[in-house]
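Presented below is the structure to which this report refers.
The values are calculated or read from the model by the stated rules, or taken from the named source; none is laboratory data. Because the structure is a prediction, the values reported are computed rather than measured. Don't worry about glycine lacking a Cβ; one is built from the backbone with ideal geometry, like all the others, and counts go over all protein chains shown. Please note that ligands, DNA and RNA were not included when accessible areas were found on the heavy atoms of the full protein model with its side chains. Shrake-Rupley method; radii C 1.70, N 1.55, O 1.52, S 1.80 Å.
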Amino acid sequence: MNAGTASTLGRELSTVEFWSQPSWARTAVFSELRARAPVTFQPPPNFGVVTAQQGYWAVTRHVDVMAISRQPDIFCSGGGISFEDQPIEMLEMASSFIVMDAPRHTALRRVVSSAFTPRQIAKLDAAITARAAEIVAELVAQRGGDAVGDLAAKLPLWTISEMMGVPESMRADMYDQVQILVDSQLGARRADETAEDPGPLTAQFQAAMSLAAMAAELAAAKRAHPSDDVMSALANAELDGALLSDSQLGGIFLLFAVAGSDTTQNSTSFGISAFSDHPEQWARMRGNVGAFINTAVEEILRWASPVIQFRRTATRDVELGHQTIAEGDHVVIFYESANRDDQVFVEPNHFDMMRNPNPHFAFGGGGPHFCLGANLARAQLRALFRHLAESVIELHGGEPTYIASNFVNGVRHLPLEVVPA
Ligand code: HEM
């Protein structure tokens, strides 16, 4: 293990206070790190509810985040993907192949990737578009509301439920359990947490168990009566000559529900906030949605950076950014920082819906773990912002309330008034 460098730059990254600020308040620290110490060793994080035994390398530049993401043999995921140390069995139960390395990762990802081909997404697209139209119409009818609860939160889990073939009767419970799981993974003490809370790891475990049980029940039903959905395909898929086990199916179900829900939701909320702050860009977007929707969605993703970071573990000694990373060291790649790197993005702290090219890392820095749901998320964002542009002349966002987290860039509430077209 590496003893680390003497630099004190970036020490705040290991404190709960730093992650309790909104992302825009963190940009100066990341900007200084990228310029002066792009790869630094930091003390073990102390996030109140989450502690880790060892320090970690903080990697902040776009070029280094990309290099690490694309060398999974040197920077593996199987040692864990977050700051804290959790038993690997527990991680696999809750997060499936995102915490695995080749060849197990490759094999499981291959089984599920058929659900995410452009053809499959195109099949879902009509349903997503129709649902997005309903959501926007409801928002417009009430002249606004909470951009999170009344808009952003409605599409993502609905889309995953449709895709997986989750029956209506299961959905409310599924949504509740996913919310508990997402909240417990925030990695920073919630402002509203009380001493009576069972603690995030217990809550996480209980929610994971009940979602896994739901997945097993669903899989049994789909084996008996298969239909044209992803759970039917997974329940009947074979890996190494055998059907996937209940625990494998549970992990995949959880991974999809968690990875695909608040990420897409938070992108929408940040997008609304950005357009509300830039009425001139909204007017331009409304003038020609077809011309701007694709670049706008990419810029929303860069701007939101819904996943702040993931961790890797070095499998051998390696040089990076003039530092020697030792075998076993934890390496945290900050997508939030890479997405504001001025070596790659002109005026990175400016929201520009026409930014092109836009090689952001909202979905990861490339490599084998690159987000499987990227096109599904893009389809949802396109549908929502297209309908909004067609039916809303002006967006007036109030003061957002942010989620305190070192993992998820999130908006908890955003008051919104809309002026209908
Ligand atoms: C805006 C929305 C989303 C964002 C920002 C996002 C971001 C990410 C990131 C950063 C990773 C890790 C990449 C890496 O380690 O290289 C990831 C992985 C993943 N995401 Fe997404 N995601 C989004 C939506 C979705 C959706 C809708 C799904 C659908 C189920 C999904 C499923 C997955 C899966 C399965 C993985 C693991 C891939 C692997 O390990 O091979 N994501 N995502």
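Residues in segment 404-415 that are in a strand (DSSP E or B) and open to solvent by less than 10 Å² (accessible area, probe 1.4 Å): how many?
1
Anything in segment 386-403 that is over 27 Å from the mean Cα position of the chain (by Cα) and acidic (Asp, Glu)? List them, or say none.
If the condition is that a residue be over 27 Å from the mean Cα position of the chain (by Cα) and acidic (Asp, Glu), then GLU390, GLU394 are the ones that fit.
For segment 358-375, state whether one or more residues are away from the ligand (no atom under 11 Å from the Cβ), outside any helix (DSSP H, G or I) and within 28 Å of LEU155 (Cα to Cα).
yes
Only one of MET90, MET174, MET100 is touching a helix residue (DSSP H, G or I) at 6+ places or on another chain (Cβ under 8 Å), in contact (Cβ under 8 Å) with a residue 24 or more places away in the chain and surrounded by 21 or more Cβ atoms within 10 Å (Cβ to Cβ); which?
None of the others qualify; the one that does is MET174.
One residue is enough: does segment 317-332 have a residue meeting the conditions within 13 Å of the ligand (Cβ to nearest atom), in contact (Cβ under 8 Å) with a residue 24 or more places away in the chain and under 20 Å from VAL39 (Cα atoms)?
For segment 317-332, residues within 13 Å of the ligand (Cβ to nearest atom), in contact (Cβ under 8 Å) with a residue 24 or more places away in the chain and under 20 Å from VAL39 (Cα atoms): present.
For segment 216-259, which residues satisfy the criterion of being touching a Lys or Arg at 6+ places or on another chain (Cβ under 9 Å), open to solvent by less than 50 Å² (accessible area, probe 1.4 Å) and without any contact (Cβ under 8 Å) to a residue 40 or more places away in the chain?
Selection gives ALA235 alone.
Examine segment 286-298 for a residue that is closer than 23 Å to VAL258 by Cα and open to solvent by less than 20 Å² (accessible area, probe 1.4 Å), and state whether such a residue exists.
Taking every residue of segment 286-298 in turn, at least one turns out to be closer than 23 Å to VAL258 by Cα and open to solvent by less than 20 Å² (accessible area, probe 1.4 Å).
Can you go through PRO118, PRO87 and tell me which one is under 19 Å from GLY366 (Cβ atoms) and away from the ligand (no atom under 11 Å from the Cβ)?
Checking each option against the conditions leaves just PRO118.
Would you check if SER14 is at pLDDT 95 or above and either within 30 Å of ARG412 (Cβ to Cβ) or charged (D, E, K, R) (or both)?
no
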